[in-house]
1. In a strand (DSSP E or B) and at pLDDT 95 or above - does that describe any residue in segment 197-206?
2. Go through segment 185-196 and count every residue that is in contact with a Phe, Trp or Tyr (Cβ under 9 Å, 6 or more places away or on another chain) and of a type outside the set (A, V, I, L, M, F, W, C).
3. Regarding segment 147-164, can at least one residue be identified that is in a helix (DSSP H, G or I), open to solvent by less than 30 Å² (accessible area, probe 1.4 Å) and β-branched (Val, Ile, Thr)?
4. List pairs: first in segment 48-68 and crowded, with 20+ Cβ neighbours inside 10 Å, second part of a helix (DSSP H, G or I) and of a type in the set (Asp, Glu), Cβ under 8 Å, 6+ apart or cross-chain?
5. Return yes when ALA174 is open to solvent by 40 Å² or more (accessible area, probe 1.4 Å) and either within 15 Å of the chain's Cα centre (by Cα) or modelled with pLDDT of 95 or more (or both) and no when it is not.
6. I'm trying to understand the selection: among the residues of segment 69-99, which are of a type in the set (Gly, Ala, Ser), in contact (Cβ under 8 Å) with a residue 60 or more places away in the chain and either open to solvent by less than 30 Å² (accessible area, probe 1.4 Å) or over 30 Å from LEU219 (Cα atoms) (or both)?
7. If ARG106 passes every condition in (1) under 15 Å from the mean Cα position of the chain (by Cα); (2) open to solvent by 20 Å² or more (accessible area, probe 1.4 Å); (3) under 24 Å from VAL165 (Cβ atoms) but one, which one does it miss?
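The values are calculated or read from the model by the stated rules, or taken from the named source; none is laboratory data. Note that the structure is a prediction, hence the values are computed from the model and not measured. Ideal geometry is used to build each Cβ from the backbone, glycine not excepted, and the neighbour counts take in all protein chains shown. Just the protein is used for accessible areas: all its heavy atoms, side chains included, with ligands, DNA and RNA removed. Shrake-Rupley method; radii C 1.70, N 1.55, O 1.52, S 1.80 Å.
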Amino acid sequence: MPTPSVLVFDVNETLVDIESLAPLFGEKFGDERVLREWFGQLVMYSMTATFTDNYVTFPVLAQGVLRMLGDIYRVDITDDDLSRLKTGLLTMPAHPDAAEGLSALRDNGFRLITLTNSPPNPNGPTALQSSGLDRFFEQQLSVDACSAFKPAPAVYRYACKTLQVAPADCMMVAAHVWDTLGAQHVGFSSALITRPGNPPLPVDGLPQPDIVVSDLRELAARLIEGR
């Protein structure tokens, strides 16, 4: 695999830790593991909205899915709960390995970009900015510019057009196979970060990530060595 010059990073779960939201789900549902059910439904309905030519922002959809789970489990979801979720989405902490790995990649000449399902925040910092990781990135791109969620091909092509680079120059770095598959479909290479609960998908006939690593420090070591 040729070493990419542009690394395009997912944000939610790849760079920042969604487990910080778990206490809300533990309090409301009596089981913090409902966080994973919520996130899985959120991703599924983001894709469904895109496939059916509909669009609402990720936080709005996230709040709707929380209300839906409340109906399923017969749990009252209040406006305060929705506000806590929205605030939590904007204040997720960085993974412990993120700053060190990003610093090494930046210092070795890689262009670093983010491409997230989350929209810009006109009223304050985004999750990336709150985490302190924004300083590592040349540009911070959002699917909101396309009114479509990843893994829609148009989103990755939008990133290439904005950066004025070819897909072959780019590597998608994500903790989700659905994201690496979407990027590979348009010609990116990919690296899967196996955050807890996010292993590879071993299915013959589906493209596999070019690199599979446990964290960003390991990714940086692999890519720097490859250069």
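1. From segment 197-206, those in a strand (DSSP E or B) are none; that's our starting set.
No, segment 197-206 contains no residue that is in a strand (DSSP E or B) and at pLDDT 95 or above.
2. Residues meeting the conditions: 2.
3. Quick first cut of segment 147-164, residues in a helix (DSSP H, G or I) only: 153-163.
With open to solvent by less than 30 Å² (accessible area, probe 1.4 Å) added as a condition, the list becomes 155-156, 159-160, 163.
With β-branched (Val, Ile, Thr) added as a condition, the list becomes 155.
Checking segment 147-164: at least one residue is in a helix (DSSP H, G or I), open to solvent by less than 30 Å² (accessible area, probe 1.4 Å) and β-branched (Val, Ile, Thr).
4. Listed pairs, sorted by first residue: LEU66/ASP81.
5. no
6. Within segment 69-99, GLY88, ALA98 qualify.
7. Only one criterion in (1) under 15 Å from the mean Cα position of the chain (by Cα); (2) open to solvent by 20 Å² or more (accessible area, probe 1.4 Å); (3) under 24 Å from VAL165 (Cβ atoms) is unmet by ARG106, namely (1).
The rows are residues; the columns are (1) open to solvent by less than 10 Å² (accessible area, probe 1.4 Å); (2) touching a helix residue (DSSP H, G or I) at 6+ places or on another chain (Cβ under 7 Å); (3) over 26 Å from TYR156 (Cα atoms).
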position	(1), (2), (3)
LEU15	yes, yes, no
SER20	no, yes, yes
PHE25	yes, yes, yes
PHE29	no, yes, yes
